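Heads up: the structure comes next, in structure tokens.
The values are calculated or read from the model by the stated rules, or taken from the named source; none is laboratory data. As the structure is a computational prediction, the values presented were derived from the model and not from experiment. Here Cβ is always computed from backbone atoms with ideal geometry, including for glycine, and neighbour counts include all displayed protein chains. Surface areas here come from the heavy atoms of the whole protein model, side chains and all, with no ligands, DNA or RNA. Shrake-Rupley method; radii C 1.70, N 1.55, O 1.52, S 1.80 Å.
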Amino acid sequence: MIVEPKVKGFICTTAHPTGCEKNVERQIEYVKEKGAINGAKKVLVIGASTGYGLASRITAAFGMQAATIGVSFEKEASGKRTATPGYYNNRAFDKNAQENGLYARTINGDAFSKEVKDEVIALIKKDLGKVDMVIYSLAAPRRTTSDGVTYTSTLKTVGEAFTQKNWNLRDDTVNEATIPVADENEILSTVKVMGGEDWSDWIDALVLNDVIEDNAITVAYSYIGPKLTYPIYHEGTIGRAKAHVSKTAGEITDKYSDKGIKAFVSVNKALVTQASAAIPVVPLYLSVLYRIMKEKGIHEGCIEQMYRLYSDKVYNGSGIRTEDDGMLHVDDLEMRQDVQEEVMKVWEEINSDNLLSLADTKGYWLDFYNMFGFKLEGVDYTKDVAV
Ligand code: NAI
């Protein structure tokens, strides 16, 4: 069938198989061109199908020549509905890995569940013996814990409501969005979903079943960002969850110090992904940031970020480069003083009349469409494709 984008606000309900494949291949090419990383050899990526997790898996496989197991939660096509982009990405990744002689297995299921953990453990035992790196890159709206309780994450503030400029994606105007205050239950639920508990459960399960190497490393991803977005991100419900992820990193490292397993948090750059597009205020910040970083020639996407993380900060040949806060930072360029000063200046001035000239809305939308396999160069969108 002919697949066209169907965009509703911050989500696109269709995905293009060939476009998604192209997207994966483009990232593989980037890593191959940048060159080999002397890193991990057997890598488990949890949340491997899109965004930062996919870029991490591509970096591990095509940069480190690692065998990879990827876990994600994607839907296959049914009837006239296309599959989700992550489904096509996984398929393209597996195909390319195979063509390059790299071991790759992808498990589609709920990473929070015991069943999926057991399945992954059995697969590691059978095929790899042990893993030496675990990347935790889940971004999920809800989690059902082993006692059957389902928690839902919310993007709200903590303390008081927050009103800020917002780009209305439906009609390209700048309005104001008010983000309401979360109650205690919403904070707790967000921490349950996006905090470090499940990350820690994974490492416990891997250790218990003896499928993780001594001195293995595990990395989870976080975001801090500028003061401008603090109320909605860093100091909001999601920020509470991220603080819990940081605390969990320390706990994992302490708990398994006898085995030398070390857990790290990497603070990444704000980018358009399915997870970030859903946060109010953030798309406007992103499109302003994109314009400024592109003008300065320092803009990066997921693959550039992840290649730099693993080649420079983790496997650089001279030890893991954390900053004073104990975390890895590839948000350094986003947070550079000159970049943030310019963002703030633009932020003061931006309104519906000058939005298109002050913000890189085009770049935002291109990234958005690309995520779903649309508007990629070299893809004939008029051609029939099997979904
Ligand atoms: P994403 O939405 O592109 O990827 C999420 C991944 O999680 C997908 O592979 C999806 O299939 C998987 N997933 C979701 N629920 C699952 C479940 N129940 N079981 C198995 N897999 C499941 O998100 P993105 O943006 O790449 O986020 C990954 C991490 O990076 C998150 O921790 C996020 O907070 C962090 N981060 C994101 C930034 C951004 O600007 N996008 C910036 C800094 C950090």
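Of all residues in the stretch 107-118, those satisfying the criterion of being near the ligand (Cβ under 9 Å from one of its atoms) and either of a type in the set (D, E, K, R) or farther than 18 Å from R57 by Cβ (or both) are D110, F112, S113. Considering the stretch 279-322, and only residues there that are without any contact (Cβ under 8 Å) to a residue 40 or more places away in the chain and in a helix (DSSP H, G or I), the residue that is nearest to K32 (Cα to Cα) turns out to be R308.
Where in the stretch 113-170 are there strands (runs of 3 or more DSSP E), lying fully within it, with 1 or more residues that are within 23 Å of Y221 (Cβ to Cβ)?
Numbers: elements: 131-136, 142-144, 150-152, 162-168.
Qualifying strands (runs of 3 or more DSSP E): 131-136, 142-144, 150-152.
Can you find even one residue in the stretch 116-135 that is open to solvent by 50 Å² or more (accessible area, probe 1.4 Å) and under 21 Å from the mean Cα position of the chain (by Cα)? The answer is no, given that none of the residues of the stretch 116-135 is open to solvent by 50 Å² or more (accessible area, probe 1.4 Å) and under 21 Å from the mean Cα position of the chain (by Cα). Select from the stretch 323-339 the residues that are outside any loop (DSSP other than H, G, I, E, B) and more than 16 Å from the ligand (Cβ to nearest atom) and write down the one among them that is surrounded by the fewest Cβ atoms within 10 Å (Cβ to Cβ). Looking at residues that are outside any loop (DSSP other than H, G, I, E, B) and more than 16 Å from the ligand (Cβ to nearest atom), I get Q337.
Rundown of residues vs (1) within 30 Å of E4 (Cβ to Cβ); (2) within 14 Å of the ligand (Cβ to nearest atom), yes/no style:
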position	(1), (2)
A66	no, no
G70	yes, yes
F73	yes, yes
N89	yes, yes
A97	yes, no
V120	no, yes
V131	no, no
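Filtered by the rule that a residue be within 12 Å of the ligand (Cβ to nearest atom) and outside any helix (DSSP H, G or I), the stretch 242-278 gives V265, S266, V267, N268, K269, A270, L271, V272, T273, Q274, A275. For the stretch 150-166, the criterion of being of a type in the set (G, A, S) and open to solvent by 60 Å² or more (accessible area, probe 1.4 Å) is met by at least one residue. Taking the criterion of being among the hydroxyl-bearing types (S, T, Y) and open to solvent by 80 Å² or more (accessible area, probe 1.4 Å), the only residue of the stretch 359-387 that qualifies is T382.
Scoring H234 on the criteria (1) without any contact (Cβ under 8 Å) to a residue 60 or more places away in the chain; (2) in a helix (DSSP H, G or I); (3) of a type outside the set (S, T, Y) leaves a single failure, condition (2). Tally the residues that are under 12 Å from N23 (Cα atoms) and of a type in the set (S, T, N, Q), restricting the search to the stretch 84-95. Count: 2.
Among the residues of the stretch 136-148, write down those that are open to solvent by less than 60 Å² (accessible area, probe 1.4 Å), free of Cβ contacts under 8 Å to residues at least 40 places away in the same chain and within 25 Å of the chain's Cα centre (by Cα). Write out each step before concluding.
Within the stretch 136-148, the first condition is being open to solvent by less than 60 Å² (accessible area, probe 1.4 Å), and the residues that meet it are 136-138, 140, 143-145, 148.
Still in the list and also free of Cβ contacts under 8 Å to residues at least 40 places away in the same chain: 144, 148.
T144 - this is the single residue of the stretch 136-148 that is open to solvent by less than 60 Å² (accessible area, probe 1.4 Å), free of Cβ contacts under 8 Å to residues at least 40 places away in the same chain and within 25 Å of the chain's Cα centre (by Cα).
Only residues that are touching a residue at least 24 places away in the same chain (Cβ under 8 Å), in a strand (DSSP E or B) and either closer than 30 Å to K117 by Cα or among the acidic types (D, E) (or both) were counted in the stretch 171-199, giving 0.
Please determine whether any residue of the stretch 171-187 is under 28 Å from S266 (Cβ atoms) and within 22 Å of the chain's Cα centre (by Cα).
As a first pass, look at the stretch 171-187 and keep what is under 28 Å from S266 (Cβ atoms): 179, 182, 186-187.
Filter again for within 22 Å of the chain's Cα centre (by Cα), leaving 187.
Within the stretch 171-187, one or more residues are under 28 Å from S266 (Cβ atoms) and within 22 Å of the chain's Cα centre (by Cα).
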